[in-house]
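Trainee: Just dropping this structure here.
The values are calculated or read from the model by the stated rules, or taken from the named source; none is laboratory data. What you see is a predicted model; the values in this text were computed from it and never measured. So basically every Cβ, Gly included, is an ideal-geometry build from the backbone, and we count neighbours across all protein chains shown.
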Ligand SMILES: CC(C)(COP(=O)(O)OP(=O)(O)OC[C@H]1O[C@@H](n2cnc3c(N)ncnc32)[C@H](O)[C@@H]1OP(=O)(O)O)[C@@H](O)C(=O)NCCC(=O)NCCS
């Protein structure tokens, strides 16, 4: 069943927008990997691993969002062939655009714009909006034009962590977190970004990521190759959590993603750990008096 009005692409072909179903998840994950791989190639950036566990992680995230936000998950087809998808997560008052991906052979033909229009229709009453943009100029172009959104340039840190130069004072207070900590940290994220990250933290923990907590001060989620989410009450607590995460990633290739100008506390830490800072896509926000800080968005889920 086509749930929306079909729209014409620029060559006059009809783009059909349908609700995503569980049977579409693997194909959407493949589009994500193909489109991101193509973008990294075009930007002459290091390729993304195509190890089975990386692709499985993508598919599990698509499935997670389809479960939490079935009405925010859409696919685009032309002539029956899947060419792209989008997923929005609603978390309290926060609308989060998590996925907008079009297969490379079908890009620049209106599918992305059509999917974005559909994504905007979901959770319209959410007062806050967040988008972690890629560095694709077409994505940035589309987000810059969204009414009410501010575009915040970002740096990402990448490289192999060398933890020996990090100042470890204060790390003894950081401990592993559990389900109770996830609940306890919800008010912090509601204050920083208008919505909980609890369902997404739980998802990442189910996938084997690790929750680290500075009791009453903040938390950080550490993935196998990334520092994936950090929220804290102040810069000192955020710095301690980031150092702890990097110490745990010592010797491993790691990404700390999408740091806006507000995350000055993080920049000296990541360069001390030997990572390289590089520009990446902007963090695009609506409805917040100030950008979230101290805060690291999830690479994949804001
Ligand atoms: C970003 C992406 C989703 C856009 O989808 P798309 O179908 O390729 O783009 P569209 O044809 O709908 O065009 C989107 C905008 O970019 C513009 N655009 C498209 N191709 C362009 C080109 N080659 N040069 C300049 N502008 C271009 C369009 O004019 C449109 O802007 P407008 O509405 O102001 O006219 C898609 O290119 C993609 O999957 N890229 C790689 C993955 C990625 O970065 N995803 C975003 C994650 S945040």
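Trainee: Within the range 62-77, can one find any residue that is modelled with pLDDT of 95 or more, closer than 27 Å to residue 189 by Cα, within 13 Å of the ligand (Cβ to nearest atom) and surrounded by 15 or more Cβ atoms within 10 Å (Cβ to Cβ)? So that I can check it myself, show each step before the final result.
Mentor: Applying the first criterion (modelled with pLDDT of 95 or more) to the range 62-77 yields 62-77.
Then keep just the ones that are closer than 27 Å to residue 189 by Cα; that gives 62-74.
Applying the additional criterion that residues be within 13 Å of the ligand (Cβ to nearest atom) yields 74.
Restricting the remaining residues to those that are surrounded by 15 or more Cβ atoms within 10 Å (Cβ to Cβ) gives 74.
Within the range 62-77 (the criterion being modelled with pLDDT of 95 or more, closer than 27 Å to residue 189 by Cα, within 13 Å of the ligand (Cβ to nearest atom) and surrounded by 15 or more Cβ atoms within 10 Å (Cβ to Cβ)), the answer is yes, since at least one residue qualifies.
Trainee: Here is a further query. Scanning for something at pLDDT below 95, crowded, with 18+ Cβ neighbours inside 10 Å and under 14 Å from the mean Cα position of the chain (by Cα), does the range 259-273 turn up at least one residue?
Mentor: So far as the range 259-273 goes, no, none of its residues is at pLDDT below 95, crowded, with 18+ Cβ neighbours inside 10 Å and under 14 Å from the mean Cα position of the chain (by Cα).
Trainee: Further, regarding this structure: Do we have residue 131 as surrounded by 17 or more Cβ atoms within 10 Å (Cβ to Cβ) and closer than 30 Å to residue 244 by Cβ here?
Mentor: yes
Trainee: Within the range 95-122, can you find the residues that are over 21 Å from residue 229 (Cβ atoms) and more than 10 Å from the ligand (Cβ to nearest atom)?
Mentor: 105, 118, 119, 120, 121, 122
Trainee: Got a sec? Which of 126, 163 is touching a helix residue (DSSP H, G or I) at 6+ places or on another chain (Cβ under 6 Å) and either on the phi > 0 side of the Ramachandran plot or buried (at least 16 other Cβ atoms within 10 Å of the Cβ) (or both)? Step through it out loud before you land on a result.
Mentor: Working: 126 fails: touching a helix residue (DSSP H, G or I) at 6+ places or on another chain (Cβ under 6 Å).
163 is the lone residue from the list that is touching a helix residue (DSSP H, G or I) at 6+ places or on another chain (Cβ under 6 Å) and either on the phi > 0 side of the Ramachandran plot or buried (at least 16 other Cβ atoms within 10 Å of the Cβ) (or both).
Trainee: Now for a separate question. Restricting to the range 79-91, and then to whatever is more than 10 Å from the ligand (Cβ to nearest atom) and buried (at least 16 other Cβ atoms within 10 Å of the Cβ), can you tell me which residue is farthest from residue 199 (Cα to Cα)? Lay out the reasoning, then the answer.
Mentor: Keep residues of the range 79-91 that are more than 10 Å from the ligand (Cβ to nearest atom), which gives 79-82, 87-91.
Pick out the ones that are also buried (at least 16 other Cβ atoms within 10 Å of the Cβ) and you get 82, 87-91.
Details: 82: 28, 87: 15, 88: 14, 89: 10, 90: 11, 91: 9 Å.
Looking at residues that are more than 10 Å from the ligand (Cβ to nearest atom) and buried (at least 16 other Cβ atoms within 10 Å of the Cβ), I get 82.
Trainee: Considering (1) crowded, with 16+ Cβ neighbours inside 10 Å; (2) closer than 25 Å to residue 105 by Cα; (3) touching a strand residue (DSSP E or B) at 6+ places or on another chain (Cβ under 8 Å), say which one residue 46 fails and leave the rest.
Mentor: (1)
Trainee: Could you grab the pairs with beta carbons closer than 7 Å, sequence gap of 6+ or different chains, first residue in the range 19-38 and at positive phi and within 13 Å of the ligand (Cβ to nearest atom), second one in a helix (DSSP H, G or I) and at pLDDT 95 or above?
Mentor: none
Trainee: Continuing with this model, one more query. Among the helices (runs of 4 or more DSSP H) confined wholly to the range 129-201, which include 2 or more residues that are modelled with pLDDT of 95 or more and more than 15 Å from the ligand (Cβ to nearest atom)?
Mentor: Counting at least 2 such residues, we get 179-184, 186-193.
To keep it simple, each residue is scored yes or no on (1) in contact (Cβ under 8 Å) with a residue 60 or more places away in the chain; (2) touching a helix residue (DSSP H, G or I) at 6+ places or on another chain (Cβ under 9 Å); (3) under 26 Å from residue 290 (Cβ atoms).
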{"position": "122", "(1), (2), (3)": "no, yes, yes"}
{"position": "138", "(1), (2), (3)": "no, yes, no"}
{"position": "141", "(1), (2), (3)": "no, no, yes"}
{"position": "151", "(1), (2), (3)": "yes, yes, yes"}
{"position": "185", "(1), (2), (3)": "no, yes, yes"}
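Trainee: Which ones in the range 166-183 are under 12 Å from residue 212 (Cβ atoms) and out of contact with any helix residue (DSSP H, G or I) (no Cβ under 6 Å at 6 or more places or on another chain)?
Mentor: Hits for the range 166-183 are 173, 175, 176, 177, 178, 181.
Trainee: Pick from the range 244-258 the residues that are part of a helix (DSSP H, G or I) and in contact with a helix residue (DSSP H, G or I) (Cβ under 7 Å, 6 or more places away or on another chain): which of them is surrounded by the most Cβ atoms within 10 Å (Cβ to Cβ)? I'd like the intermediate steps shown before the answer.
Mentor: From the range 244-258, those part of a helix (DSSP H, G or I) are 244-248; that's our starting set.
Still in the running and in contact with a helix residue (DSSP H, G or I) (Cβ under 7 Å, 6 or more places away or on another chain): 244, 246-247.
Working: 244: 24, 246: 26, 247: 16.
Taking the candidates together, the pick is 246.
Trainee: Something else now. Filter the range 1-18 for residues that are within 12 Å of the ligand (Cβ to nearest atom) and surrounded by 15 or more Cβ atoms within 10 Å (Cβ to Cβ); which is modelled with the highest pLDDT?
Mentor: Top of the filtered list is 15.
Trainee: If you scan the range 259-294, which residues turn out to be more than 24 Å from residue 142 (Cβ to Cβ), in a strand (DSSP E or B) and touching a helix residue (DSSP H, G or I) at 6+ places or on another chain (Cβ under 7 Å)? Talk me through it step by step, then tell me what you get.
Mentor: As a first pass, look at the range 259-294 and keep what is more than 24 Å from residue 142 (Cβ to Cβ): 263-277, 289-290, 293-294.
Pick out the ones that are also in a strand (DSSP E or B) and you get 276-277.
The answer is 277, and nothing else.
Trainee: While we're looking at this one, here's another question. With a cut-off of at least 2 residues that are closer than 14 Å to residue 16 by Cβ, name the strands (runs of 3 or more DSSP E) lying wholly within the range 53-127. Step through it out loud before you land on a result.
Mentor: Numbers: elements: 73-78, 81-91, 94-102.
Filter on the range 53-127 gives 73-78, 81-91.
Trainee: Picking from 276, 225, which residue would you name as being under 16 Å from the mean Cα position of the chain (by Cα) and more than 30 Å from residue 120 (Cα to Cα)?
Mentor: Numbers: 276 fails: under 16 Å from the mean Cα position of the chain (by Cα).
Sole residue among the options that is under 16 Å from the mean Cα position of the chain (by Cα) and more than 30 Å from residue 120 (Cα to Cα): 225.
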